[in-house]
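A.B. asks: Below are the C-alpha cells for one structure; questions will follow.
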2 protein chains.
Amino acid sequence: MASEHQLAPNEIDGLLTQFHEYLDKKQLRSTRQRDIVAKTFFGLSGHVNVDELLAHARTRSPKLGYATVYRTLKLLTECGLAAERRFGNESRVYEVAGDTAHHDHLICVECGHVLEFENEEIERLQDKVARSFGFTLVRHKLELYGMCPRARGIRGGSCPSEKLSGDGDAEAASK
Amino acid sequence: MASEHQLAPNEIDGLLTQFHEYLDKKQLRSTRQRDIVAKTFFGLSGHVNVDELLAHARTRSPKLGYATVYRTLKLLTECGLAAERRFGNESRVYEVAGDTAHHDHLICVECGHVLEFENEEIERLQDKVARSFGFTLVRHKLELYGMCPRARGIRGGSCPSEKLSGDGDAEAASK
DNA sequence: GTATCTGCAAATCATTTGCATTCTA
DNA sequence: TAGAATGCAAATGATTTGCAGATAC
C-alpha cells in the first residue's frame, strides 16, 4: 500500500514500552492479548483494518476475538500510538503513530487508491489558523480527493494510480 | 452550529432547479418526496444529520421514511449539492453545497464544538500538492482538532468554544 | 483474593435492501 | 401503462456490550 516502512523490532519494542507505560498510568493491566494485538499492529504497515489485524494476531493467539481487538485499538488510540482514519465510506483503518504525525492522504476518486504525502508548509498554515482562533492544535486530518492522470483520460477504465506512487503495489483492485 | 447563514428562498429554488436538472440528465424522476427532502435540506443550515433532516421533512410529509431520505441524500451528494462529512466517530452529517466549496473545520477535542474557517493559501497548496502527483483535485477535507482556550485552562470543565466564533449559538452541549 | 480482562454471543446503531404498492412520465 | 420511487420491515455490517470464566497484580 502507501509509503510505509515496516518498523524495526527495536522500534516496535519502544512503542510497546510506551503502551505499557500508558497502561500503568491508567492502572490498567498488561495482558498477553493486549501485547499481541499491540505488537501485531506495530508490525503491520500502512492502513490496517480490524479484520486484517485480527487475522494476523490470531496466528499468535487463535481464540482472540473482535471485542479484544477493538478494545485494545481504543486504548492504543487513546494513548496516541494509533490513529483512526476513515476514507470516504470505507470503515475504519488504523495507522501506527510514528507515521501519523506528518503525512496526509491523496485519494483517487476513481480507483480508490490512497497515496501519502507530507507538506510542511500546509502544516505551518494549519497551525497558524488554529492559533488565530486561540486553539492549540492537537492533530489534523487532510484528505485530498482527485482523479489520477489515468482516470482522467480513461474514465471508466481502471485507474492504477499506484503505478505513480513509486512503491509498485497492486492493491487497486481492492474493495 | 457553525457559521452558516440560512439560504434565501430564491437560493433554495435555484438549488432545487439544479437538482431537477440532474434528475433529468440521469433520467430519474422528480417526485414529491425528493423535492421535500431536497428543499428541507437546503433550508437547514450547518451540519445536518439524517435524523434531523427526516424530522424536519416529516412536518411536510409525515410518512417519509429513512430509506427515502438516505436515497435522496445520495443523489444530492452525487450531483454535488450536498457533501458528506464525518467528524471523529460521529455518524454522517451533510452540508449544503454552496458552503462546501471553501471552508474547512476546526474541532475542539474537549467540547466537540465545530468552527469553520477558510484559508486560500492552504487551498492553493493543496492544489499544488495534488498536481505534483498528477492528480486533478476534486474536493478535499481538512479537519483541525485542537483545544480551545477555555478547555486548555479548565480541563474537564465545559468548553464553550462557540463563544469565540462570533456567531453566539449555544449548541455545544449537543452530541 | 479481587478487580480486571477475555471471549463469546447477543445487542445496538447506522445504513442498505427487498418487495408490494403507489406514482411519474 | 411501464418503469421507477416509496415506505415499510427485514437484512446487513461494523462496532459495542453483558456476562461467566480466566488472569494479572
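What follows draws every value from the coordinates through simple rules; no lab data is involved. Every value quoted in this text rests on a predicted model; they were computed, and no experiment measured them. Here Cβ is always computed from backbone atoms with ideal geometry, including for glycine, and neighbour counts include all displayed protein chains.
A.B. asks: Relative to the other copies, what are the label-point distances for residue B:30, with labels 7 Å from Cα along the C-beta vector, expressed in nm at one decimal and sorted shortest first?
C.D. replies: Shortest to longest, the spacings are 6.8 nm.
A.B. asks: Work out the FRET efficiency for residue B:22 and residue B:60 from their Cβ-Cβ distance, taking R0 = 22 Å, and round it to the nearest 0.05. Don't jump to the answer; show the numbers that get you there.
C.D. replies: Details: r = 21 Å, r/R0 = 0.97.
It comes out at approximately 0.55.
A.B. asks: Another question, then. Nearest-to-axis residue of chain A, judged by Cβ, for the A-to-B rotation, with distance in whole Å?
C.D. replies: Taking the axis that maps A onto B, the answer comes out as A:142, 2.
A.B. asks: Where does each of A:94, A:22 land when they are ranked from fewest to most other beta-carbon atoms within 10 angstrom? Walk me through the numbers on the way to the answer.
C.D. replies: Values: A:94 23, A:22 16.
Listed from fewest to most nearby Cβ atoms, that is A:22, A:94.
A.B. asks: Sticking with this structure for a sec: Calculate the FRET efficiency for residue A:32 and residue A:128 from the Cβ-Cβ distance with a Förster distance of 35 Å, rounded to the nearest 0.05. Show your work: numbers first, answer last.
C.D. replies: Numbers: r = 46 Å, r/R0 = 1.31.
Working from the Cβ atoms, E equals 0.15.
A.B. asks: Based on other C-beta atoms within 10 Å, arrange B:64, A:54 from fewest to most.
C.D. replies: Working: B:64 21, A:54 17.
Final ranking by Cβ density, sparse to dense: A:54, B:64.
A.B. asks: Placing a label point 7 Å from Cα toward Cβ, how far apart in nm is residue A:14 from its equivalents in the other copies, listed shortest first to one decimal?
C.D. replies: Reported distances to equivalent positions: 5.4 nm.
A.B. asks: Within 10 Å of each Cβ in A:122-131, how many Cβ atoms from other chains are there, averaged over the peptide?
C.D. replies: Working: counts 10, 1, 2, 5, 8, 2, 3, 10, 8, 1.
Whole-number average of other-chain Cβ neighbours for A:122-131 is 5.
A.B. asks: Right, another one. Calculate the length of the line joining the C-alpha centroid of the range B:66-89 to that of the range A:7-31, in whole Å.
C.D. replies: Comparing the Cα centres of the range B:66-89 and the range A:7-31, I get a distance of 40 Å.
A.B. asks: Can you list the HN-Hα couplings for the range A:59-70, worked out from phi with the Karplus curve (6.51, -1.76, 1.60; θ = phi - 60°), rounded to whole Hz and with x for Gly and Pro?
C.D. replies: Calculated HN-Hα couplings, in order: 5, 9, 8, x, 8, 3, x, 3, 3, 5, 5, 4 Hz.
A.B. asks: Then there's this: Along Cα-to-Cβ, 7 Å out, sits the label point; list in nm, shortest first, how far the one on residue B:89 is from those in the other copies.
C.D. replies: With the label placed 7 Å along Cα→Cβ, residue B:89 yields 2.3 nm.
A.B. asks: Below 8 Å, C-alpha to C-alpha, sequence gap of six or more: please give me the relative contact order for the range B:26-126 in percent.
C.D. replies: Here the relative contact order equals 21 percent.
A.B. asks: Give me A:11, B:95, A:78 ranked fewest to most by other Cβ atoms within 10 Å of their Cβ, as a rough exposure proxy.
C.D. replies: Fewest to most other Cβ atoms nearby, the residues stand as A:78, A:11, B:95.
A.B. asks: Taking the Cα-to-Cβ direction at residue A:78 and at residue B:118 and moving 7 Å from each Cα, how far apart do the two end points lie in nm?
C.D. replies: 4.1
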